[in-house]
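Accompanying notes for the structure given below.
The values are calculated or read from the model by the stated rules, or taken from the named source; none is laboratory data. Not measured: the values here are computed from a predicted model. Every residue, glycine as well, gets a Cβ built from its backbone with ideal geometry; the counts of neighbours run over all protein chains shown.
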Amino acid sequence: MKRSLSTLAVISTLAISGSALADGWKTLPFLDAGWKPNFTLAATVGSMDIKDVGAATSQGLELSLDCPWFQPPQGALRQQFNYSTYKKDNISLNIWEMNPHYYITVAEGWTVGFGPGVGYVQGTVGSYEAKLPSIQFSADVNYRKGHYFAGVGARVQNARNDQIGTLTGLDNSLLNVKLGYNF
């Protein structure tokens, strides 16, 4: 699974960046006079399942904005920055992520998006400290109306396979819901 996730993340990244050179793509849209970042801030809650540990509640925050570097001729690229926490038994984690997503509109107010990401997992496993880089792939369904924002997301994350106490790595999956505010 780790190899297929890594391959999927690399292919997605190459497809998105390779397509940026195609006709119709806008580079550096933030330089345009009318460009707005369209910030969204959302609280997240869901279930994170860590390999060899199990599922527990995860909560956090997501800050997203329209990508200032590239915009495709159709759809939209959004940069998503996520922070989430997880606690179960003697394991406590803080996870930071950066996830660029390509979104398409499927109905008025509704978008579906997906993309690769990179992250950093920090926490404790018993008396052992964990500090691991990670890669991930995620997908979202979002609804926006005025200032109201709601979404559902799923993510799989592979962390470096260091030995942390009795665990090897902290690979995990996450299903969450998001409620927030569009600025």
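Across the range 19-65, what is the total count of residues that are over 30 Å from residue 87 (Cβ atoms) and of a type in the set (D, E, K, R)?
Of the residues in the range 19-65, 4 are over 30 Å from residue 87 (Cβ atoms) and of a type in the set (D, E, K, R).
Just wondering, is there one or more residues in the range 123-131 that are surrounded by 21 or more Cβ atoms within 10 Å (Cβ to Cβ), modelled with pLDDT under 95 and under 18 Å from residue 52 (Cα atoms)?
For the range 123-131, residues surrounded by 21 or more Cβ atoms within 10 Å (Cβ to Cβ), modelled with pLDDT under 95 and under 18 Å from residue 52 (Cα atoms): present.
Against the definition (out of contact with any helix residue (DSSP H, G or I) (no Cβ under 7 Å at 6 or more places or on another chain) and surrounded by fewer than 17 Cβ atoms within 10 Å (Cβ to Cβ)), how does residue 103 come out, yes or no?
Considered against the rule, which asks whether it is out of contact with any helix residue (DSSP H, G or I) (no Cβ under 7 Å at 6 or more places or on another chain) and surrounded by fewer than 17 Cβ atoms within 10 Å (Cβ to Cβ), residue 103 comes out as no.
Keeping to the range 42-56, report how many residues are over 17 Å from residue 167 (Cβ atoms), surrounded by 15 or more Cβ atoms within 10 Å (Cβ to Cβ) and of a type in the set (A, V, I, L, M, F, W, C).
1
Taking the range 82-112, which residues are of a type in the set (Asp, Glu) and more than 11 Å from the chain's Cα centre (by Cα)?
89, 108
Could you please give the count of residues in the range 161-183 that are surrounded by fewer than 21 Cβ atoms within 10 Å (Cβ to Cβ) and at pLDDT 90 or above?
Result for the range 161-183: 7.
Could you pull out the residue among 79, 59 that is modelled with pLDDT of 90 or more, under 19 Å from the mean Cα position of the chain (by Cα), buried (at least 16 other Cβ atoms within 10 Å of the Cβ) and part of a strand (DSSP E or B)?
Exactly one residue qualifies, and that residue is 79.
Mind listing just one residue for me: the one in the range 25-41 that is touching a residue at least 24 places away in the same chain (Cβ under 8 Å) and not in a loop (DSSP other than H, G, I, E, B) and, of those, surrounded by the most Cβ atoms within 10 Å (Cβ to Cβ)?
40
Hey, any hits in the range 158-180 for a residue that's within 30 Å of residue 71 (Cβ to Cβ) and more than 20 Å from the chain's Cα centre (by Cα)?
Looking for residues that are within 30 Å of residue 71 (Cβ to Cβ) and more than 20 Å from the chain's Cα centre (by Cα), one finds none in the range 158-180, hence no.
Give the range 112-140 a look and list any residue that's under 14 Å from residue 62 (Cβ atoms) and not small (Gly, Ala, Ser), or say none.
Across the range 112-140, the qualifying residues are 136, 140.
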